[in-house]
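The values are calculated or read from the model by the stated rules, or taken from the named source; none is laboratory data. Bear in mind the structure is a predicted one, so any value in this text is a computation, not a measurement. Glycine also receives a Cβ, built like all others from the backbone with ideal geometry; neighbour counts cover every protein chain displayed. All accessible areas refer to the heavy atoms of the entire protein, side chains included, with ligands and DNA or RNA removed. Shrake-Rupley method; radii C 1.70, N 1.55, O 1.52, S 1.80 Å.
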Amino acid sequence: MVTSIARQSVILKCLRQSSVMIGNYEFYYLAGLMKKLMGAPVSSDMEPETMHETILGCLDSLSPKDEKEEYLIKMVSTYEALKDKDEQMVELFKWGENEPDLWQVTTSHEGVEFV
C-alpha cells in the first residue's frame, strides 16, 4: 500500500463531497485529521473498532469549521471499521494528525516523516 494514495483519496472525497471510505487506511488518515482539526479523542495505538466507536461517541461534541470537515464526519458516520490494523495505518493516522498541507492533494511530505 502506498500511503499517499489513501491520503489523496480522503482529500479528494472531501473536496468533491462524494464517495465513501473503503478501508482502514483511509479511516486512519481521516481519524488523524479529525484529531488535528476537531480535537477528536483518538490516538494511533487504538484498534480500528475502538477508534471508530470513540469517534462516533463524540460526534455531537465536534465542531466542523467548513464543508470539508463536515464531510469527514459524514464519511466516518457511515463507515464500518474492519478489524485489520498494520503499521501503515499508524503512519497514516500520524500523517493526518500532523498534516502540513491541509486539503492539498499534492504534497512534498511522506507519512513516514511523522512516525
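For region 76-88, putting each phi into the Karplus relation 6.51 cos²θ - 1.76 cosθ + 1.60 with θ = phi - 60° gives couplings of 6, 6, 9, 8, 10, 5, 8, 6, 5, 8, 9, 5, 5 Hz, in residue order, rounded to whole numbers and with x for Gly and Pro.
Within 12 Å, Cβ to Cβ, of Thr107, how many net charges do the neighbouring residues add up to if Lys/Arg are +1 and Asp/Glu are -1? Mind dumping the intermediate values first?
Values: positive: Arg7; negative: Glu99, Asp101, Glu110, Glu113.
In short, -3.
What is region 40-115 by shape, rounded, prolate or oblate, if you read a ≥ b ≥ c off the alpha carbon gyration tensor as root eigenvalues and call it rounded for a/c under 1.5, prolate for a/b larger than b/c, and oblate otherwise? Mind showing how you got there, number by number?
Details: a/c = 1.99, a/b = 1.14, b/c = 1.75.
Since a/c reaches 1.5 but b/c is at least a/b, the shape of region 40-115 is classed as oblate.
Placing +1 on the Cβ of every Lys and Arg and -1 on the Cβ of every Asp and Glu, with no other charges, gives the chain a dipole of roughly 320 debye about its Cα centre. Multiplying the residue separation of Ser19 and Ser108 by 0.36 nm and removing their Cα-Cα distance gives an extension gain of 29.5 nm. Look at the Cα gyration tensor of region 1-48: its axes a ≥ b ≥ c give a/c of at least 1.5 with a/b at or below b/c, and that counts as oblate.
Any idea of the accessible area per residue across the chain, 1.4 Å probe, to the nearest Å²? Mind showing how you got there, number by number?
Working: 5800 Å² over 115 residues.
Each residue of the chain exposes 50 Å² on average to a 1.4 Å probe.
Run the accessible area of region 40-114 with a 1.4 Å probe and give the carbon-and-sulfur part as a rounded percent. Walk me through the numbers before you get to the answer.
Numbers: 1890 of 4150 Å².
For region 40-114, the apolar C and S fraction of the accessible surface comes to 46 percent.
In terms of the mean number of neighbouring beta-carbon atoms within 10 Å, the peptides 5-13, 65-73 order highest first as 5-13, 65-73. Using 7 Å Cα-to-Cβ label points, what is the Asp84/Ile5 separation (nm, one decimal)? In this crude spin-label approximation the distance works out to 1.2 nm. The lysines whose alpha-carbon is closer than 20 Å to the alpha-carbon of Lys36, local same-chain residues fewer than 8 away aside, are Lys13, Lys65, Lys68, Lys74, Lys94. Across region 98-115, computed HN-Hα scalar couplings (Karplus, 6.51 cos²θ - 1.76 cosθ + 1.60, θ = phi - 60°) run 10, 3, x, 10, 3, 6, 9, 5, 8, 8, 9, 9, 10, x, 5, 5, 9, 7 Hz from first to last residue, x flagging Gly and Pro.
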